[in-house]
């Protein structure tokens, strides 16, 4: 007997216009990568250098698609069922929990395989150019990616059983993908070459990342390794970790698919003002911002929409922001400390490049979850009609919503300033570079907020808006870095420079003279591009708000 959930889920994904658009975009991207370096003079490169260049860019693009496109659909699978009321019907049907999970998992994997099939023509073209081994390169690449797909699909399904909204599911899934797929490689590059338990744990963490495996397969395994990387690949360890984690994620998800999923025990809580005198004094002494203290009224000079956003958005509440800011500040200081005390044999400029990338990752990870739902969340919940009936003008509403996001992202951005202060103390001559880098990061913040707000305002559903914003920003920020990886082969210096000018990230890295970016002149060109794109996105956001705010 076939599983009816597979047919229902797979057909539902294929009927989604986003899924079709993703398949078309990825297919076109893979084709363009090969066409850019396809021989035009009727001669074949016998050394295989040209095909190796194309293979590297192709592998990284395929990995980016697997990491940032495929998990979006299973991430909202169970929460959409729960919110629409169909999950209770499924659990009360004759189907067992394992059958329901297997149906959703297989349907998501079928779509992922369909996405991989769109890359086969480009892979065949790479192989036809010569210099690419069918088994040790292409075969192992697809094996690693298939394992990665299973791992992150089961992780996304597990996340979908814990959250209470679709936008939170997308946000948490992408945060987990960033943590397991990219950030897990960081500790190893800081602790490599040392003895002890921590370096061993760091090695296993980077072995669990698909990025490490892909870098080994394309010949970039020595990047950042300080000449300490051995010839042994981490593919076997990655396959083992992925298999074990996939089984663990799947088992935990199946165990949660029961009636207890609908029972949310909530503590009544107790306001600080209702506690005893000693308890109130203790909390006011040890809490900089007490989340259980009654808030004062909105002052006359404050934008009420901005205050409303801060008080109703869990992530925007100040005590969560202070925790995140403190974590970012400590991390930036640790990076600088590692460089200055000789923990790693890196220069201050290399550490500065890592700090820039850390800030960009935080901005790209956090901004879509805040800005994408500014309008779509109100339209989905019906709050937009209430805002329209208030005496506030549309300009005041938009200004309050944008300020709520800008303040949040700005606090996170300036949390890493202590690390730059230490860098200036070590090398006072770098003050001008740090000043210019901070300008780039401010522009990057404005850039991401405007683009995310404009894209998110086009949708009625928060989950759709959040997913689309993540994909758009990842393409805008990660795409130029993928082109930079193929610098001089297959992309020319001018092409890489033009690509890095799309957003301020490349300009910040070139100013700080991060390795590989010091040869590009991106200022002030990248600033002009960022400013123009931000203004166009802001104008599009304003036009959309004006359109939906008109009387019906």
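Kindly identify segment 4-258 as rounded, prolate or oblate by the Cα gyration tensor criterion: order the square roots of the eigenvalues as a ≥ b ≥ c, call it rounded if a/c is under 1.5, otherwise compare a/b with b/c, prolate if a/b is larger, else oblate. It would help to have the intermediate numbers written out before the result.
Values: a/c = 2.52, a/b = 1.38, b/c = 1.83.
Verdict is oblate for segment 4-258.
Let's test this: bin the Cα-Cα distances of segment 350-506 at 10 Å from zero up to the farthest pair and state each bin's percent.
Result, from short to long distances: 10, 33, 30, 18, 7, 1 percent.
Semi-axes, largest first, in whole Å: what does sqrt of 5 times each Cα gyration tensor eigenvalue give for segment 389-450?
On the way: eigenvalues 235, 22, 11 Å².
Gyration-tensor ellipsoid for segment 389-450: 34, 11, 7 Å.
Can you tell me the Rg and Dmax of segment 453-524, counting just the alpha carbons, in angstroms?
14.8, 44
Pairs of alpha-carbon atoms within less than 8 angstrom and 6+ residues apart define the contacts here; what relative contact order does segment 367-502 have, in percent?
37
By per-residue mean of other Cβ atoms within 10 Å, what is the highest-first order of 530-541, 471-482, 398-409?
Working: 530-541: 17.2, 471-482: 18.9, 398-409: 21.0.
By packing density, highest mean first, the sequence is 398-409, 471-482, 530-541.
Over segment 4-258, what is the mean sequence separation of C-alpha contacts under 8 Å (at least six apart), divided by residue count, expressed as relative contact order in percent? If you can, show how the numbers build up before the last one.
Working: 278 pairs, mean separation 66.7, N = 255.
Here the relative contact order equals 26 percent.
Taking neighbour Cβ counts within 10 Å as the exposure measure, how do 109, 522, 35 sort from fewest upward?
35, 109, 522
Where does each of 301, 447 land when they are ranked from fewest to most other beta-carbon atoms within 10 angstrom?
Result, fewest neighbours first: 301, 447.
Which whole-angstrom value gives the distance between the alpha carbon centres of segment 68-101 and segment 403-468?
After rounding, the separation between the Cα centres reads 36 Å.
Mean 1/r over all different Cα pairs, inverted: what Kirkwood radius does segment 87-186 give, in Å?
16.1
Among 79, 298, rank each residue by its count of other Cβ atoms within 10 Å, from fewest to most, as a rough exposure measure.
298, 79
Computed from the coordinates by the stated procedures, all read-outs in this text should not be read as laboratory data. Nothing here was measured: the structure is a model prediction, and the numbers come from that model. No Cβ is skipped: glycine too gets one built from the backbone with ideal geometry, and neighbour counts run over all protein chains shown.
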